[in-house]
Protein chains: 4
Amino acid sequence: MQFNNNHITTVHMIVVMQKSATKEMANHVLQTIENHGLRGEAMFGDQRTAIGVIGDKNKLDEGNLSRLPGVKEILLVSKPYKKVSREYKPENSIVKVGNVEFGNKKPVIIAGPCGVESEEQIITIAKGVKQLGAEMLRGGAFKPRTSPYSFQGMQEDGLKLLAQARKETGLPIVTELISIEHIPLFEKYDIDMIQLGARNMQNFDLIKKAAKTGRPILLKRGMSATVEEFLLAAEYILNEGNKNVVLCERGIRTFEQSTRNLLDLNSLALIKEISHLPIIADPSHAAGRYDLVAPLALGALATGANGIIVEVHNKPDEALSDGKQSLTFDSFREMMEQLRTMHILNGNN
Amino acid sequence: MQFNNNHITTVHMIVVMQKSATKEMANHVLQTIENHGLRGEAMFGDQRTAIGVIGDKNKLDEGNLSRLPGVKEILLVSKPYKKVSREYKPENSIVKVGNVEFGNKKPVIIAGPCGVESEEQIITIAKGVKQLGAEMLRGGAFKPRTSPYSFQGMQEDGLKLLAQARKETGLPIVTELISIEHIPLFEKYDIDMIQLGARNMQNFDLIKKAAKTGRPILLKRGMSATVEEFLLAAEYILNEGNKNVVLCERGIRTFEQSTRNLLDLNSLALIKEISHLPIIADPSHAAGRYDLVAPLALGALATGANGIIVEVHNKPDEALSDGKQSLTFDSFREMMEQLRTMHILNGNN
Amino acid sequence: MQFNNNHITTVHMIVVMQKSATKEMANHVLQTIENHGLRGEAMFGDQRTAIGVIGDKNKLDEGNLSRLPGVKEILLVSKPYKKVSREYKPENSIVKVGNVEFGNKKPVIIAGPCGVESEEQIITIAKGVKQLGAEMLRGGAFKPRTSPYSFQGMQEDGLKLLAQARKETGLPIVTELISIEHIPLFEKYDIDMIQLGARNMQNFDLIKKAAKTGRPILLKRGMSATVEEFLLAAEYILNEGNKNVVLCERGIRTFEQSTRNLLDLNSLALIKEISHLPIIADPSHAAGRYDLVAPLALGALATGANGIIVEVHNKPDEALSDGKQSLTFDSFREMMEQLRTMHILNGNN
Amino acid sequence: MQFNNNHITTVHMIVVMQKSATKEMANHVLQTIENHGLRGEAMFGDQRTAIGVIGDKNKLDEGNLSRLPGVKEILLVSKPYKKVSREYKPENSIVKVGNVEFGNKKPVIIAGPCGVESEEQIITIAKGVKQLGAEMLRGGAFKPRTSPYSFQGMQEDGLKLLAQARKETGLPIVTELISIEHIPLFEKYDIDMIQLGARNMQNFDLIKKAAKTGRPILLKRGMSATVEEFLLAAEYILNEGNKNVVLCERGIRTFEQSTRNLLDLNSLALIKEISHLPIIADPSHAAGRYDLVAPLALGALATGANGIIVEVHNKPDEALSDGKQSLTFDSFREMMEQLRTMHILNGNN
């Protein structure tokens, strides 16, 4: 059997007893904790007893205690992640992709089309966004589509065109990986940064094999992933020995559906506190409509995002995917000017 | 029976027929629409027929058609709100409270404690936040508390102290109304702006009676209210003849509970497009913890909020409510400086 | 100042310290706890310390500790409700409304139209549902409508017709209260059970005044109320001395919007465990479409609901509200037969 | 470029124009629709115009129209799925796994441990649940775990033990596939039914390759997947030529977190109407605690589920995963008896 040998000795659970629980029941819980090789400490109130569980968290699971007589509920104290946390590494991590650095005060602007559609399209856009201030190029070659009948991407040809766009502009490229079988192609075209998409945030097989390439990873948050699950997905990458992880908040799914998703700046601000990893925002997928992309980009960067990734298209009305949410060159230029006015681009805020 | 006489002639529904629906079924739907005094227009596809419903929307409800044979579903085209929409009034509304104006480029900073606790507390805080740049004072006298055992506010004494703080600082005051029985007290102390809280966003009795006072209303979004429901609650106020409505996005409830609520900047940006009403943000309730208030305030104002309302306390560790999320004078000062660096306070962005 | 004198001595919080916290920081937290008149007990792990807080929970709020140096987070152990809990009262409460009893094994079937529309309508429906096995009559006289332009109910005339329907059928009546000003009318027509609707679940002013009438209350869960908030709203009623509370799960709001709401049977099953109050389900509002009402009613009763409240209309295609989700007499009959086949109606399961 | 050749001619969008839109703008939209080879039909109201789009839906995306002058919003009429829908195939599909049939009136009971842990464990449980009425055996060999430090399953040894348990009991087996690299092992041990888990519901690479094995698939709904996304994931399988798909509702993620997930019986009831595929429920993962599993199982089957999959363990207090939510043999027996009392097991309801 496979067990991870990551022994951590800490206060990791609090067993809350029912008001009606007897002293014998509390003793039984304490005994069970000791039988598993941990230490229990009881706190007695007039009405209720609570028992702290101290020791190696891998030796005892809440399921081992939850059914004991008199147990009301179990509170988890320790977080299951470790290497991604600021308690583990207090200073900010800097992730380098070519000459670009994520995690500094200066935010990184990544721009490009949703999908690579043709040589003319990707070269035009790459040159356009570079001229307007973007430092990296995005573009999908393999597209994970909700419907089997939607455009699935140009596949290997898309990777080839991205590499060509990089050659002509010098911009490092980031593109999504959706199958472990494509990893050799990502090596062949020397893709600078591998994007793991929202739908695959808990595809641990893909995550582990992408991590093993050693290439920088852009890990997008799942549509309904909690902050803890998001950080644990990143923990999988660090646990494979790859420290080059940039997180990406791209909007979550809520009851409010007047826009495609909802940009979760609360979590972004929280993650900056509790993790040392850089985190950027994707206002295009969060907004789902072009007219809200710039306001959300400004908000995310003002809140403290280490960068943004935005969709820009030279002819959004003819885009094969996500045309609805793509910026034109003009609207991208206008957004960049607002960022300069707010002293955000140079990282002075 | 009470019916509202608001006749609007528009395309207001699309009836989508099942693929197996016969021509007779489509004709029956058309006939039913005409029987209610509206016009139906059928669009025939090879596989599916859809029927537009045109006319006075008060004469026909989707429930009147949804059971007819062959009907698959009904899509609503027209929105149920009217006076709050930008289609009705294209230019921004400006709401004046004393000398303060909501809706201009310059955002309004409202600050103060969660609840009024004593004369010394409210006067100290009022003077402190004024000196640091706040233009209005907040403070609860009547507190709607989730638990019957929590501090319920100083009641009338709280209103009296707020009026005194206004006298000493010149800051207009905003405070929450939770019962129609308190309206005379709000008149007695000449409360400048009436806050309607998140829990009462669909307490239409309270909304209508508050609206009738003619005083400016700060309407907070309900914890799970959609943009449409939020605007309809405001429509109730405008429909009573009171145009002085300022909306407030204060965070919504989602699956993500690492923070108290989730500031919905998507909806804020959207509402600025589709409504002429000013909208501010409440980063304190959205964050629920003091260390995330400033990042969210910056994000909200950069996204385009017409102001913010933040909790500031001189001794947050001793606050009777919401101490966990209150800024100190020092952290409030620091936030104001960041806003100045970003050229946000003067409305230049 | 108003404080509630409800002193409870219990283990009520766990203060989790940061890994980097020093012994002095832990001592400072312990000292602060003692300064507020409570007891602190520290549990030391190799990596992390946690401190239990024991004593009167009204003397110390988490906000009083959350900012102390070295504090990472605070876990709440004790629940804020009391009188609604099974720990307080282990046996099921039985709530009587006329001859009907909620809380027994036999579930209660409440049926009737969304709104009272005319004498002919309400009398026809009351007789119809009685004949088919319903034991109580529902029907709205005052309707809280999301839009100010929707049908607002027949008001006092509606109450009068409900009383008449009761007289002709013997069925006790339940109808919604939306303003404290209508309470005298509810007394005048001797309304058997007062419904407090989802939109008013945290309208504490209305709740307290309805509770004071002493009449049985049907308290509907708010659209995004947690189980804890729902139980605390009921606690407000019990705290006013009125023990006749029946809870109603009516569907919550989630990301999934293919149906109007989502019937939360998890919470219903949980509440039956942790509270002694009866709880029924409203499959009509949960489904939002007539064809899903019966399957959800069966599911709710099989899960253990103490009853259901369903909308039935003699002419649903002409209903002034909620026609889309109303059962016809035929579909109501069919549902009742399925319940008998499953041995649910007689409470044998 | 890869395009799917699935040409459907139908009414597929409604373009809603702004009130201020001119006749020229409407004509421009109509012209654009025609330029893409489709037909537009305008419906003119006094205040607003709407334009139906009729033709091959693959030729025009909403993004191609959403930016045209005067366009307010676009409503989608046609659903993107096809082969899973009841409009495509009106009669229920029956999926056979060994002698077991999903989709008949008689529901299928699948039981077994969360994970295979040892020969003694899986054989004991297999024999136990068979004796109590289960018709299929579940058990994880490869476990997708949120944390890299959790038990990851017995891997190939687990598959071998499942095959042995099948041999000794005759129960067909279902177990989860998490990597395309494991498919040869699933062939080697002749796994009767491949489970695709919630975290992989949009891992289209895994879905397509699992589908190609031709083996029956148990497709679990993603934690925040909409009904439409769930059906589209199934459409991927049917589109590969594999018709043996059983859907599984296992609880979704909402704001309510008093239980692990929330069993969505609304969607289950809806899917039974709009799709011909069988759908079962997983009350164990929905509840997350053993005491709520039986009530939810009863509710799901009463609502119309074609079966349930439940976790049963001989020693749940010592389970390596999910002990908290596993039934004992005693509680499983009790649940089966309740199902018999309700005439559910024989499919008579």
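FYI, it's all coordinate maths here, none of it is from the lab. The shown structure was predicted, so the numbers you read here are calculated from the model rather than taken from an experiment. Methodologically, a virtual Cβ is constructed for each residue, glycine included, from the backbone with ideal geometry; neighbour enumeration extends over all protein chains shown.
So what's the back-of-envelope 222 nm ellipticity for chain A, counting only DSSP H runs of four-plus at -39500 (n - 2.57) apiece and dividing by all residues, rounded to 500?
The per-residue figure over chain A is -9000 deg cm²/dmol.
Quick one: Cα convex hull volume of region B:10-76, Å³ per residue?
Hull volume over Cα atoms, normalised by residue count, gives 67 Å³.
What's the longest bit of chain B with no exposed chymotrypsin sites (Phe, Trp or Tyr not before Pro), using DSSP loop states and at most 14 other Cβ atoms within 10 Å as the test?
Looking at chain B, B:89-349 is the longest stretch - no exposed chymotrypsin sites (Phe, Trp or Tyr not before Pro) with at most 14 other Cβ atoms within 10 Å.
Tally Lys and Arg at +1 and Asp and Glu at -1 over the other residues with C-beta under 13 Å from the C-beta of D:K57: what net charge comes out?
Spelling it out: positives minus negatives among the neighbours equals +1.
Set Lys and Arg Cβ to +1 and Asp and Glu Cβ to -1, take the dipole of region A:95-346 about its Cα centre, and tell me which of A:C114, A:G323, A:G133 lies farthest positive.
With unit charges placed on the Cβ atoms, the residue in question is A:G133.
How many percent of the alpha carbon pairs in region C:177-231 exceed a separation of 16 Å?
Looking at region C:177-231, the distances longer than 16 Å represent 37 percent of pairs.
For region A:10-76, what is the relative contact order in percent, using Cα pairs closer than 8 Å and at least 6 residues apart in sequence?
49
What Kirkwood hydrodynamic radius, in Å, does the protein assembly as shown give when the mean of 1/r is taken over all pairs of distinct Cα atoms and then inverted?
For the protein assembly as shown, inverting the mean 1/r across all distinct Cα pairs yields 32.7 Å.
Could you tell me how far the Cα centroid of region B:24-48 sits from the Cα centroid of region D:323-345, in Å?
A separation of 51 Å, based on Cα centres.
What number comes out for the charge environment of A:A163, summing +1 per Lys or Arg and -1 per Asp or Glu over other residues with Cβ under 13 Å away?
Neighbour charge sum, excluding A:A163 itself: -3.
Percent antiparallel among DSSP beta bridges with both residues in region C:95-346, to the nearest 5?
Beta bridges within region C:95-346, antiparallel portion: roughly 15 percent.
Give the distance, in whole Å, between the Cα centre of region A:191-270 and the Cα centre of region B:75-118.
Answer, in whole Å: 36.
D:K167 label points, 7 Å along Cα→Cβ, one per copy: pairwise distances from this copy to the rest in nm, shortest first?
Listed shortest first, these distances are 5.8, 8.1, 9.3 nm.
Could you please tell me the mean projected area of the C-alpha convex hull for region A:155-200, averaged over all directions and given in square nanometres to one decimal?
3.1
With 18 Å as the limit, write out which pairs from A:K89/A:K220; C:K19/C:K72; B:K96/B:K188; D:K167/D:K188 have Cα-Cα distances beyond it, or answer none.
A:K89/A:K220; B:K96/B:K188
At q = 0.15 Å⁻¹, what log₁₀ I(q)/I(0) does region D:95-346 have when each alpha carbon counts as one equal point scatterer in the Debye sum?
-1.02
Tell me the net charge near B:S326. Cut-off is 11 Å between Cβ atoms, B:S326 excluded, with +1 for each Lys or Arg and -1 for each Asp or Glu.
That sum, taken over residues with Cβ under 11 Å, equals 0.
Using the number of other C-beta atoms within 10 angstrom as an exposure proxy, rank A:S93, A:S179, D:S118 with the fewest first.
In order of increasing Cβ crowding within 10 Å: D:S118, A:S93, A:S179.
Where is the GNM fluctuation largest for chain C (alpha-carbon springs, 10 angstrom cutoff): C:T226, C:T32, C:T175?
C:T32
Step by step: find N for region C:1-157, compute 2.2 N^0.38 Å, then divide the Cα radius of gyration by it. What's the final number?
Against the compact-globule rule of thumb, the ratio is 1.79.
Express the C-alpha Rg of region D:71-180 as a ratio against the empirical globular expectation 2.2 N^0.38 Å, rounded to two decimals.
Compactness ratio reported: 1.47.
For the protein assembly as shown, give the share of DSSP beta bridges that are antiparallel, in percent and rounded to the nearest 5; count only bridges with both residues there.
In the protein assembly as shown, approximately 50 percent of DSSP beta bridges are antiparallel ones.
Counting just the Cα atoms, what span does region C:273-349 cover along each of its three principal axes? Round to the nearest Å and put the largest first.
Cα spread of region C:273-349 along its principal axes, largest to smallest: 40, 27, 15 Å.
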